[in-house]
Structure formats: C-alpha cells, structure tokens
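Reading through the structure tokens given below for one structure.
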Amino acid sequence: MSKITLKNITHIYDKRVKAVDNLSMEVDDGKLVALLGPSGCGKTTLMRIIAGLIYPTSGDVYFDEDRFTDIEPERRNVAMVFQFPVVYATMSVYENLAFPLRAKKLGEEEIKRKVKEMAEFLELTPYLEMKAGKQNAAIKQMTSLGRAIIRDARCVLLDEPLTNIDPHSRLILREKILRYRAEKKQTIVYVTHDQSEALTLGDKIAVMNNGILLQYDTSRNVYERPASSFVAYFIGNPGMNLIECAFKKVGSKIVFESDGIKVSLPYELAKEVEKETSGKVVLGIRPEHIELSKRKVEEGMLGTCVLFEDIGITKVLNLQLNGTKVRAKNPEFEVEVGEKLYIRFPEERLRIFNSKGEIIL
Amino acid sequence: MRRDLSEKSVGRRSFLKVAGATAGGLIVGGVAGYLLNPGEKVWTTVTETTTKTVTGTATVSPTAVPWEQYFPRADRIMKDWELKWTGWDPTEYITTTDWVRSIDWGKVKSKYAGQTVTMACEGVDISAPQTFQPGFQGISGASLQLFGIPPETLHEKLMAEFTAGTGRYDTAELFGAWAQAYFPYMIDIRPFAQTYGVDLKDIHPAFRMMNTGPNGELLGVVEDADLHSFICRKNLLDKAGLKIPTTWDEVLEACEVLKPIGAKEGWYPWITYYSAKGFLTFWYWGTIAVQFRDVTYTRLDSWEPNFVGDEEGGVRALEIHKKLLEYSPPGSINNTYELGREQWLAGLGAMATSHQCWPRQSYDPELSKISPLNTDNIIEIRPYPKGTTNHAPENITTTYLGIPKTSKQQELAFLWSVYMNSQESSALMGCHGTGVESGFVSVISNPKVWKGQPAYKNIWETAWTAATETFVYIPEAYAIEEAAGAEIYRYLDGSEPSAKKALQNAEAEVRKILDKAGYLKTGIKPPPWTVEDWCKEHNEVNPKP
Amino acid sequence: MRKLNPGLLMSIPTLLFLFFWFFFPFLYNIYASMHYWTLYNPNIQFIGAENFIDVLSSIDFRNSAFASFFYTIICFAVELPLGLGIAVLLSREFKGVGIARVIIAIPILMIPIGTSIMWKLLTMPKLGLLQYFSEVLGFGVIDFYGNFWLASLLILLIDAWQWTPFFAIVLLAALVSLPREPYEAAKVDGASPFMVFTKITLPSIQPVMVIVSILRVLDLLKLADPIFVVTKGGSGTETLSAYIWRVAFKPLDIGYGGAVAVLYWILMFVLANILVRRFKSVIQ
C-alpha cells in the first residue's frame, strides 16, 4: 500500500487532444480518493497513466518516494478494475482470480486458499468452475474486482466499476468495496461520474474537467466551497445556481444586480469583487440553501414557480425571477405552479465567482 | 525425344528466365511472340522456286500446287550461325528424296479445301507442329487445329479419349515405348501410304519395330526418333591425359581421374541422363545392361524376365549405374531428363550418355555454355561404351503420329502426318537442334545432314544393332517399367543393399504383371527385341552402313 | 397425399450432383478396386481382395504412408508456430505493417508447382543461388535432391514458404479481432508477456487455430507437388498422393490404383473424424 504522487502530468493524444493538463496530486496511503468529472474529462486517462498503460507526454508518477513513470505496468503492482467488466473469457472464474497470483508465481496451495477466501468474500463460490466469459456483467465485474484485490497491490484503481451493472448488483459491489477498504486500508482511486458515490465513498474528492484538476479536497469542502463555478455546478443535485450579476458599491455594501435579482453584501465581506475589472461576477447559491417564504420577507425577491418536480425525497422548484431562472429545493410547504414566492439568499451561503469562474468569496 | 517444353525452340536460357520469373503472362506472351515471328518469316519470304534440287522423284500433275512454296527449307528454318556452321547452300534442299514431293497436292486441295483436321500434341508448347501449320494449310487448303497436352498427362488423356471413343483428335502424338497400349484404337496407315506413294520403308526398322503390329500393320508415322550415344568433352579428357573411353570400365577409370580435377574447376566427371524412381531408373539401367549381352532380357520365348543375367551382367550394370551417380552432381539419383540436360548444357559434366539432342544443343551458343563454336570446347559423340559384349546402344524410343479409328478425317490426318514428318522436315528439325530427330534412312545416312546434326553419323552406324528400350513392347510396357524401375531403384538409394536381390525383386514384380495380364498362359510369342531379330522375322532388310 | 417437403425438393439438384460426381465415382472406385482392370486390357476380372493384399504388402505403399505422415507432421510443426509468430508480429502496429501484411500473402497466390520449380531452380547443384551461397560459405554443394533428409528439408522449405502465410493470415485475422481490454488487464495484473501469450492470446484464438490446423493437416496429407518436382518420388520421399498417381494413372491400372485410393480414403476418413471429434468442443 503506497502513497501515489502525480507530478505535472500532461498527456496529449495524437499530438492534438490534451486529455490531462499539467496535473499534480497526491493520494495518501490508505485513503480513498474519488475522481469525479464529466465524461471525457481525462479521468480514465489519468488512471491508465497511474497503472502504466499510458506513458504520459510529460510529468511523473511516484509510488511512495519512488519514480515509476518508466516502469512497465506489469511491474508496478497496481490493481485496476475497468468500467466495462474485463474478464479472461476463456478461463474459469477460479482461474481469473488466480491469474494475478500465478503471475506472482505463488504456490498452488496458497493460490487455492486465497482464491477460496476471495470467492467467499465476493460470493463467487458457486461460479468458480464456470467459464468467466459466459457470466453476466455483474458476476464479471465481481470477478474483475476480485482479481484486482486478491493480491496486495500498491493501490487499487477503480474506473467507474459500478456504471455498467444493474442497480441491485451495484449495491452489493459497493458494499464489498467499502468492506474491503475498511479491512485492508488500501489506497484506492475511485473514478466515477456519480457525485453521490464520490461524496459518500471518498476521503477526498478530486474534480476534473478538460484534463485539469479543478479541486482536490474533502467532500465537505468540495460541496461547500467549490473552487470554481464549474465545480459548483457539477457537484450537487441539482447543482449550484449561478447568476451573472453586475455589482456596485452602495455605501457600506456591495450590491449585486441582475434581471430580477438584487442582493447586497457587506463591503468588508465582499470587497474582493472590486478586483474584477469587467464589472460582472457570478453569484452562486445551492438550491437547498435558498430560503423560501409565502409571505413578504426583508430583502426578499419575488419569483414565480414555473415548474415543480417531485422526485421522492427531493422536491425541486423552478422559479422565474423576471429574466432569471433559479432552482430551489425542498420547500417546507406546498407550492403550486404559478404561485408567487419570496426568495432570500442567505449571506453566509452565497458564493461569488469571477468572470473566469474562480471563486472570490 | 520430346518430353518438355524447354527442349524445343523455347530454349534453355529463356526457359530458365521464364521459370525464374514465374510470371505466367510473360511466358505466354514471350513464347507466343517468339513462335509467331519466325513462322511468319518462314512462310512469307519465299522468293525463288528452286526446281534444280528436285531430283526426279516427283510427278507433277498439271493442276499441281507447287510444293516448294509451302515446304520448309534450311534458309527458312535455320539461324544464321547454323547455316554458316553447316556451310549449306541456303537455297538448296538438304535431302534428295521426300514424301511431300510424291504427293499430288493439287488433288488433295480439291478434295480437302475448307475441311478441318485436329491433332493432339505432346506438351503445351505446340511450336514444332505450329512451324508446319501454315505450310500445310496452304498446300492442302484444309485447316489444322492443334491441341497441346502436358506431357505428364498425355498418356492418360489419350487413353481416356480413345477408350471413350470421343473422336476428338484426328491424329495424336504417341509415345513409342507405350504405344502398344494404343494399338486397338489406331488404324493401319499402310493403305494410305500406298495410295499416295509414300515409301514407309525409308523409316529405319529400328524406329518402326515398336509400332508395328503382329501382321506388319503400322501404327503411325515416326515423328521423333531417338538413339543413345556416348558424349564427352574431349578437351577436358585431353587435359587429364585421358583418351575417350570405349568400355564401361574405362568410363569408371576416367571418372576417377577426372573427379579431383572437376572438384577444383566446378564440374563433375559424369552427368546422369535420368535415373528417377520408376521407368527412368529401368531405362537407364537398361541402357547399360544391354551392353552385357548375357542379360538378354530378350530371352522372351517363355516371357521370363531375366534382369540378373546369365553371368550376372545385369548386376554389373546396376553397380555401374550406382557408381556413375557418385561421379555425377549431387542428387542425380533422382535426375529427370530435363535436369540432366540443364546440367550437361551448363557445363557441369565431362561425360554422359544421351539422345542426339544433347550433343546437338551443345553447339548452340544460345543454349549451351560449352558450345564448341565460341570456345575451345570439343564435343565428341561416340557409340555407347561396351560391356562384356560388343553391342549397340538401346534404341531409346520414338514418338509416332498415329490416327485413331474414331477419326473422321483419317486420310487428311495421314497427309498432315506425312507433311509434317517428311524427310526434309525431320532433317531440318534435327539439324536445328529442336530435339525432334529424324528416323529416316535417307536422312541419317546423309553426310550432308551430319554437318547439321553430328550425332546422326553415330546413329547411322549403330542403329542396325539397336534394341528396344523397353522390356517388351506390349500394352503393359509402362506398368512393367515402372514396377521394375521402382525395385531396381531400391539398390540405388540404398534401401536394398544387394543389386542382385533388387533385380530379382524386379523380375518377380514383372512376372506378376505378366501373369495377371495373361501372357504366361497364352503361348503367344513375345515380339522380337533387337532390330536384327525383327528384320529377320519380318523379312526386311536391315540397313547397314 | 402427403406434400413433398420443399426443402428436400430444393436439395434434389445438389443431391443429384453429389450423387453423380462424388457418391457414384466413389462406389465405382470401390467396385474397380476389386478387379484386375487396366484401361488397355478389355478383360476385366474379379479378383476380390487381391489388389488390397498387394497394396498392403507393398513396401512403396508403407513407405509413402510413412512419408505422408512424416511431411504432415514436420510441415505442420514448422508452419503453425512460424505462422503464429508472423501473425503476432504483424498484429502489432508499426510503420509499414499494411504492406507487410500484403507481402506475406503473396506466396499463397502462387501456383504450387511453380513455387516448387522456383525452389528447384534455387537449389540446382552449381547452378542455383542457394548452392552458390552454400559453396561460398564453405558447405559445398548440398544434395537437396538425392538425400532423404535434405530433400525433405527442401520439401519442407517449399511447403512452409507457400503455406506458412496461410496460418499467418488466418491467425492474424483472429488476433486483430481480439478485444484489447484483457491485455491491459493482464498487464496490470502483472502477467509477463509469455503468460499473456499462453494464457490469454492462445486460448482466445484456439478455435480458429484448430480449424485452420485441421484443414491444413488434411491438405498436407495430400502433399504431392513439391515431391514431383524435387525428387520425382525418389529417395523415400514419395507420399501417398504421389504413389497413387504413379501406380494408377501412368500404368492405367485403375484396379490397383482404386485399391490404394480406397485405403487412402479410409485413412483420411478415420483421421479427419478423430480430429474433428477431438476438437469439436473447441470449434463450437
């Protein structure tokens, strides 16, 4: 079990497509890092670079203090589970699980014991003698996971392991991963585009977009203090409301205004925005933080409910404030479409991003 | 003897080029181009009609078509160097008599103009008959269709056509040694010969005996007549201080002396004409064995094969055969005619036995590395080395042009076979180095012809004592040769250590075939084996020099 | 009245064709094999199993059966691994791989007898290019035509030159159609290239390999062309096909030839069945 260090990794495909852009991060020994980002953001490329399947255009990979950039994947001792379940189709499930052990040239007795243990842990015992290629996706992925964690690798890379299997098996598999992690204290990089998976599993979350590591922090911080407007929008369900506003100083306050929106913050709190020369910033507020009221409140803005989505435990309101659309969540009262509501953005929940999308406040 | 396409006018060098390139298109195009051009040249540049050389044999009718116009002549066939070498007057014919001259072609033309005659040719290369095609078509007014059949399958193909009675070919090239198998399907050509005044007796008995039936019926006109000679490169023997060997013992002694010299200079003392398993083994051994008279596998009054020989002369011959292989290029044990010829013409050997074609082709600088014409090489042609007896070389077979009973154009087919194989034509073909050799007494005894084909002198002097190449000319000849050859071969490749045992095994195999085919029970007398015996039996004059 | 099965009706032309061109000649051949029957002899006699006894007691038949199996084994043993090796090489991406894949296919397109003649020209004593190099390198003239082992080597060379690409191309097609992922997984799993090859590549292309091998083995048992060209069947190199040709078609002895053909057919039939049965599960 090792610490993973990535230093200034850049990878360009075909001399044109920049998949990873000068990325540096560290994954501490025994931690689970969830790598989150939309499709095509470079997550998988990064994983393959760690595994050694791709040689980065520039930059280096370290395990603990040792540089591994030039080491062949087969000698890195890194385990990986792929998004599409990969099994050795012509072998039995048993042989699949035994494969990495055979590669390590372990004794037949030890292999047998380990495979048996692993099969029991993953509930694969009934399938052991069957051809791996003939199993369903869930069993395949379970086998694939077993193959990854059956040996003591430096780290385990899980590349969206739950994406392509049915919801029921997904739960079982997730549970197995969590149990494994709890028992072995293994360093794990877990790629996902499912933020709830990331937020619940990860010790730390790394958010990527366009090959750039946007934020690498605890899940709480990523949620509460997104490093950029992209992270802000990407994290959360639905993501943060982002409203482009003009601002001006009015007395001891700074007033942010957009069509239908008017928010003011104490100057001391928000004076950083004055560095923004374009005169415009982006206000951010999470839907769940928006205060709603049927009665008029101080500094409240008036909006109309245009859509009401009730998805089980979550209810999402789409509100129209003149020309601006805002989403709010979980009102404490019944709302009907067409109804007018008073809306307030609590000061402490407001985030401000500059025109480049970087967080100011 | 013609066994492959390389032998005829395609030539060895172009054959090598072609085979090396393995470009099918080039082969077809190149050969076709080569064949068409001289053909056109021959038949369009006829300028003078020289009647002065016609020596009174032809009775020309008023409506006669002048045969000279359509008839091959040296200057229309030969290359310049050949004419220079022989010193011939190009406007003259080299033979004095000819079948073609005795035929009234005017009558033929009025009878057969517009009709078609077909011929099955040995070899996909039909250049030899093609040479004569335009002339025949001109002189007879008929049209001729030629079908080339690969030599490897000609025998089976013809048998299949004949037994099925397809009547597809009006005339076909038949391989002499196995010709008896065709006998039931062929017509006797003598009546036609009589009608047209064609003197078949001019064919040397040696080349007539194997396709003659029990009652003297003749199966076909001889097309290619071959006889073995001993050949050597005298300059190599001279350098080693050797005189030309006349016996097999001397041959082996000479080989021993030449071996170290050849090893230094890149040649071998001997070239094995052919030896490959089967009938070729049988023949090669046979050509030596016949020099040991006591072998007498002619002692056929009882059909009993006697390959060992009364004084084990056959054993001695087989031992010589094996010894010769040691003095030949590696792998000669499986030599075929083609490979042996390549080796000889490439200058890989000092001595050999062969048909007439090898020595003649040695002269051609285009074909041969050892041509005496532009080096100090001397090719000597001698009678076969002697064994214990003073016997002739075997008569290594002939090719005939036979006419199947199913033919619908028998007479026209006969005329074509006569035209193509007339004395003048065959003399020219032999002197031109095509490998197609003349079997006419009037040709091989003609000193003028010897200038173009030096081997003819030796042939003429030895043919009267010749014997058939095959064990006995019956339809089973091939099966016998093949079976006996396979047994004899075992001594050569070492799987049977005793030469005598190998020959005895061969005798047993042959006896089995004869027994199965019923010869041992019938009491029919086997056909004679030597020319001398044959002439006696048929009351013919054996032409001697 | 029962209706005729349309499937059967449609098959009738094919069945007729099969009957006249395969089944009937086959039965006729068995009939012929029990007779003394040459094409030039009108007397056809029933002789029972005599031809078969003759064939089985013939040294040449046994030798040629041995030669057939010998060449089948050595040619197969060389061509399959070599073809596989070439296929693996060509399955990689490198500059010029497209051209290489085309070039490797050329020998298959050549006429077998032409290939043999080409090699014979290369190996003629003192005249062939290979012999020249052999002499230059001090090995002297090599007896490629008269020595069983060297002739066999040449026959092997000819056959391998022409037919290794067959393995290579079919296996290449199988290789390039394999999914990439298991290879990456195996690398990550720490497998050595050898282990990847034996545990993943080979099992994955095994069905194709088995089919192409069966085809090739049955084809090799019919080997004849290079034999005719190199040795004319001498020096112990005569195969069964060459033997049949020699004893059946030249002497026109269709009785004896028929008997050899029947025995040959039995051999092939048994062998083909064993092979197909043995590898049935793999193929499916």
**OP:** Determine whether C:VAL217 is under 30 Å from C:ASN43 (Cα atoms), touching a residue at least 60 places away in the same chain (Cβ under 8 Å) and more than 10 Å from every other protein chain (Cβ to nearest Cβ).
**Re:** no
Original post:
For B:TYR268, are the conditions met, namely being surrounded by 21 or more Cβ atoms within 10 Å (Cβ to Cβ), over 30 Å from B:SER438 (Cα atoms), within 27 Å of the chain's Cα centre (by Cα) and within 14 Å of another protein chain (Cβ to nearest Cβ)?
Top reply: yes
Original post:
With the range B:86-177 as the region, which helices (runs of 4 or more DSSP H) entirely inside it contain at least 2 residues that are farther than 30 Å from B:THR470 by Cα and touching a residue at least 24 places away in the same chain (Cβ under 8 Å)?
Top reply: B:99-102, B:105-112, B:127-140
Original post:
Which condition breaks for B:VAL510 when tested against (1) assigned to a loop (DSSP other than H, G, I, E, B); (2) under 25 Å from C:ASN41 (Cβ atoms); (3) touching a residue at least 12 places away in the same chain (Cβ under 8 Å)?
Top reply: (1)
Original post:
How many of the residues making up the range C:45-62 are of a type in the set (A, V, I, L, M), surrounded by fewer than 18 Cβ atoms within 10 Å (Cβ to Cβ) and not in a loop (DSSP other than H, G, I, E, B)?
Top reply: 3
**OP:** Starting from residues that are over 13 Å from B:GLU342 (Cβ atoms) and within 7 Å of chain B (Cβ to nearest Cβ), keep the ones in the range C:114-130 and report whichever is least open to solvent (accessible area, probe 1.4 Å).
**Re:** C:GLY114
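So if I check each of A:ILE50, A:ILE54, which one is surrounded by fewer than 24 Cβ atoms within 10 Å (Cβ to Cβ) and either within 14 Å of chain C (Cβ to nearest Cβ) or over 28 Å from A:LEU173 (Cα atoms) (or both)?
Unique residue meeting the criteria: A:ILE54.
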**OP:** Return yes when C:VAL176 is farther than 13 Å from C:SER91 by Cβ and either open to solvent by 30 Å² or more (accessible area, probe 1.4 Å) or more than 14 Å from chain B (Cβ to nearest Cβ) (or both) and no when it is not.
**Re:** no
**OP:** Look at the range A:99-123 and say how many of its residues are more than 10 Å from chain C (Cβ to nearest Cβ), part of a helix (DSSP H, G or I), of a type in the set (A, V, I, L, M, F, W, C) and touching a Ser or Thr at 6+ places or on another chain (Cβ under 9 Å).
**Re:** 1
Subject >> Cross-chain or 6+ apart pairs with Cβ under 6 Å, the range B:408-422 first and farther than 17 Å from B:ARG190 by Cβ and not assigned by TED's automatic domain parsing to the domain that holds B:PRO191, then open to solvent by less than 10 Å² (accessible area, probe 1.4 Å) and assigned to a helix (DSSP H, G or I) >> reply: none
**OP:** Provide a single number: the residues in the range B:321-352 that are among the charged types (D, E, K, R), surrounded by fewer than 24 Cβ atoms within 10 Å (Cβ to Cβ) and within 18 Å of the chain's Cα centre (by Cα).
**Re:** 2
**OP:** Among the helices (runs of 4 or more DSSP H) lying completely within the range B:383-465, list those that include at least 2 residues that are surrounded by 24 or more Cβ atoms within 10 Å (Cβ to Cβ) and in contact with a helix residue (DSSP H, G or I) (Cβ under 8 Å, 6 or more places away or on another chain).
**Re:** B:410-420, B:423-431, B:441-444, B:455-462
**OP:** Please find, within the range C:140-161, the residue that is nearest to C:PHE70 (Cα to Cα) out of those that are surrounded by fewer than 23 Cβ atoms within 10 Å (Cβ to Cβ) and within 12 Å of chain B (Cβ to nearest Cβ).
**Re:** C:PHE148
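When the range B:213-265 is examined, which residues are found to be β-branched (Val, Ile, Thr), farther than 21 Å from B:TYR456 by Cβ and in contact with a strand residue (DSSP E or B) (Cβ under 6 Å, 6 or more places away or on another chain)?
Once the filter is applied, which keeps residues that are β-branched (Val, Ile, Thr), farther than 21 Å from B:TYR456 by Cβ and in contact with a strand residue (DSSP E or B) (Cβ under 6 Å, 6 or more places away or on another chain), the range B:213-265 yields only B:THR247.
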**OP:** Report yes if some residue within the range C:206-223 is open to solvent by less than 30 Å² (accessible area, probe 1.4 Å), outside any helix (DSSP H, G or I) and not β-branched (Val, Ile, Thr); otherwise report no.
**Re:** yes
Original post:
Can you name the condition, by its number, that A:VAL191 falls short on among (1) over 30 Å from A:ASN322 (Cα atoms); (2) open to solvent by 10 Å² or more (accessible area, probe 1.4 Å)?
Top reply: (2)
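Per-residue answers, yes or no, for (1) in contact with a Lys or Arg (Cβ under 7 Å, 6 or more places away or on another chain); (2) on the phi < 0 side of the Ramachandran plot; (3) not assigned by TED's automatic domain parsing to the domain that holds B:ASP170:
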| residue | (1), (2), (3) |
| --- | --- |
| B:GLY435 | yes, no, no |
| B:VAL443 | no, yes, no |
| B:GLY452 | no, yes, no |
| B:ASN458 | yes, yes, no |
Original post:
Any residue in the range A:316-333 that is touching a helix residue (DSSP H, G or I) at 6+ places or on another chain (Cβ under 9 Å) and not in a strand (DSSP E or B)?
Top reply: yes
Original post:
A:ARG16 passes all but one of (1) charged (D, E, K, R); (2) touching a residue at least 24 places away in the same chain (Cβ under 8 Å); (3) surrounded by fewer than 22 Cβ atoms within 10 Å (Cβ to Cβ); which number fails?
Top reply: (2)
Subject >> Subset of the range B:478-498 [surrounded by 24 or more Cβ atoms within 10 Å (Cβ to Cβ), more than 9 Å from chain C (Cβ to nearest Cβ) and farther than 27 Å from C:TYR40 by Cβ] >> reply: B:TYR491
Original post:
Does at least one position in the range B:284-307 carry a residue that is within 13 Å of another protein chain (Cβ to nearest Cβ) and closer than 29 Å to B:THR530 by Cβ?
Top reply: yes
Subject >> Qualifying positions in the range B:233-261 - of a type outside the set (A, V, I, L, M), assigned to a helix (DSSP H, G or I) and out of contact with any Gly (no Cβ under 8 Å at 6 or more places or on another chain) >> reply: B:LYS234, B:ASN235, B:ASP238, B:LYS239, B:ASP249, B:GLU250, B:GLU253, B:CYS255, B:GLU256, B:LYS259, B:PRO260
Subject >> Inter-residue pairs, beta-carbon under 7 Å, first in contact (Cβ under 8 Å) with a residue 40 or more places away in the chain and away from every other protein chain (no Cβ under 11 Å) and in the range B:322-338, second in a helix (DSSP H, G or I) and of a type outside the set (D, E, K, R), 6+ apart >> reply: B:LYS322/B:TYR491; B:LYS322/B:LEU492; B:LYS323/B:LEU252; B:TYR327/B:CYS255
Original post:
Given the structure, is B:HIS355 closer than 25 Å to B:GLU122 by Cα and either modelled with pLDDT under 90 or open to solvent by less than 10 Å² (accessible area, probe 1.4 Å) (or both)?
Top reply: yes
**OP:** Scan the range C:254-275 and give yes if some residue there is surrounded by fewer than 19 Cβ atoms within 10 Å (Cβ to Cβ), in a helix (DSSP H, G or I), within 14 Å of another protein chain (Cβ to nearest Cβ) and in contact (Cβ under 8 Å) with a residue 24 or more places away in the chain, otherwise no.
**Re:** no
Original post:
Any idea which residue in the range B:209-232 is most open to solvent (accessible area, probe 1.4 Å), counting only those that are among the acidic types (Asp, Glu) and part of a loop (DSSP other than H, G, I, E, B)?
Top reply: B:GLU217
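The values are calculated or read from the model by the stated rules, or taken from the named source; none is laboratory data. Predicted model only: the values in this text are computed from it and were never measured. Note that each Cβ is placed from the backbone with ideal geometry, even for glycine, and that neighbours are counted across all protein chains shown. Only protein heavy atoms, including side chains, enter the accessible area calculation; ligands, DNA and RNA are left aside. Shrake-Rupley method; radii C 1.70, N 1.55, O 1.52, S 1.80 Å.
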